[in-house]
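Student: Here it is: the structure, laid out below.
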Amino acid sequence: MFAELRKRAARTGVQDEAPGQRLLLCATDARDSAAVLHAIERRYSDAGMRVEHVTVKALPKALRAATPLSIVATAAASDGARAGWEGAVPPRPCRLYHLSPDPDPVAVRLDLRPWGFDRVALSEEDGAGLAPRADLL
């Protein structure tokens with residue numbers, strides 16, 4: 001019963017998105033923010049999304065394969081993820097979010113609570129000055 005409630009809660013957070021969308025979790029390597037990325041993966045897998053882990057080096061290839069709904073990059077991977085995102089064809093094909101221990105409060109548009117992890121603040125690329133979003137992606 002708990003598992004079903006958890007899936008329903010996760011799906012509610014992305015109810016405006018089609019099921020099966022891709023979410024890319026971008027890090028410098030497998031050790032970069034592994035705990036929080038796995039918690040994010042659990043939450044969005046429960047929501048019916050396809051979650052893939054990629055490194056900064058592999059991001060351009062992943063973006064060529066298919067356009068994801070969003071990219072979540074670790075703080076260490078944010079510059080490389082931004083470069084891959086801006087260099088994609090077409091440029092900026094999806095939303096790009098950055099994990100940050102101390103994000104710009106004006107740019108924080110999402111309040112993410114991944115399963116089994118503390119609350120995480122995400123900043124959206126080019127999100128400074130925009131109103132808070134109701135969705136989680």
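The values are calculated or read from the model by the stated rules, or taken from the named source; none is laboratory data. None of these values were measured; they are calculated from a predicted model. Please note: Cβ atoms are built from the backbone with ideal geometry, for glycine as well, and neighbour counts cover all protein chains shown. Note: areas computed on protein heavy atoms with side chains; ligands, DNA, RNA excluded. Shrake-Rupley method; radii C 1.70, N 1.55, O 1.52, S 1.80 Å.
Student: What are the residues in region 61-97 that are among the small types (Gly, Ala, Ser) and closer than 21 Å to residue 49 by Cβ, if any?
Tutor: 62, 65, 66, 70, 73, 77, 81, 84, 88
Student: Just name the residue that is nearest to residue 73 (Cα to Cα) out of those in region 44-59 that are touching a Leu at 6+ places or on another chain (Cβ under 8 Å) and modelled with pLDDT under 95.
Tutor: The extreme case among them is 51.
Student: Cβ-Cβ under 7 Å, sequence separation 6+ or interchain: first residue in region 67-81 and over 14 Å from residue 91 (Cα atoms), partner modelled with pLDDT under 95 and of a type in the set (Gly, Ala, Ser). Which pairs?
Tutor: 74/33; 75/100
Student: Report whether or not residue 135 is part of a loop (DSSP other than H, G, I, E, B), under 13 Å from the mean Cα position of the chain (by Cα) and at pLDDT below 60.
Tutor: So residue 135 fits the description; yes.
Student: Here is a follow-up. Do you know which residues across region 14-26 are open to solvent by less than 50 Å² (accessible area, probe 1.4 Å) and either over 11 Å from the mean Cα position of the chain (by Cα) or not aliphatic (A, V, I, L, M) (or both)?
Tutor: If the condition is that a residue be open to solvent by less than 50 Å² (accessible area, probe 1.4 Å) and either over 11 Å from the mean Cα position of the chain (by Cα) or not aliphatic (A, V, I, L, M) (or both), then 14, 17, 20, 22, 26 are the ones that fit.
Student: Just to verify a result, which residue in region 28-65, among those that are part of a loop (DSSP other than H, G, I, E, B) and closer than 16 Å to residue 98 by Cα, is least open to solvent (accessible area, probe 1.4 Å)?
Tutor: Step one: list which residues in region 28-65 are part of a loop (DSSP other than H, G, I, E, B), which gives 28-33, 47-49, 56-58.
Pick out the ones that are also closer than 16 Å to residue 98 by Cα and you get 28-29, 32-33, 56.
Working: 28: 66, 29: 58, 32: 22, 33: 47, 56: 43 Å².
Filtering region 28-65 for residues that are part of a loop (DSSP other than H, G, I, E, B) and closer than 16 Å to residue 98 by Cα, the one least open to solvent (accessible area, probe 1.4 Å) comes out as 32.
Student: Which ones in region 50-75 are hydrophobic (A, V, I, L, M, F, W, C) and within 11 Å of the chain's Cα centre (by Cα)? Reasoning before the result, please.
Tutor: To start, the set of residues in region 50-75 that are hydrophobic (A, V, I, L, M, F, W, C) comprises 51, 54, 56, 58-59, 62-63, 65-66, 69, 71-73, 75.
Passing the criteria: 51, 69, 71, 72, 73.
Student: Does any residue of region 91-108 turn out to be open to solvent by 30 Å² or more (accessible area, probe 1.4 Å), within 23 Å of residue 4 (Cα to Cα) and either of a type in the set (D, E, K, R) or modelled with pLDDT under 85 (or both)?
Tutor: no
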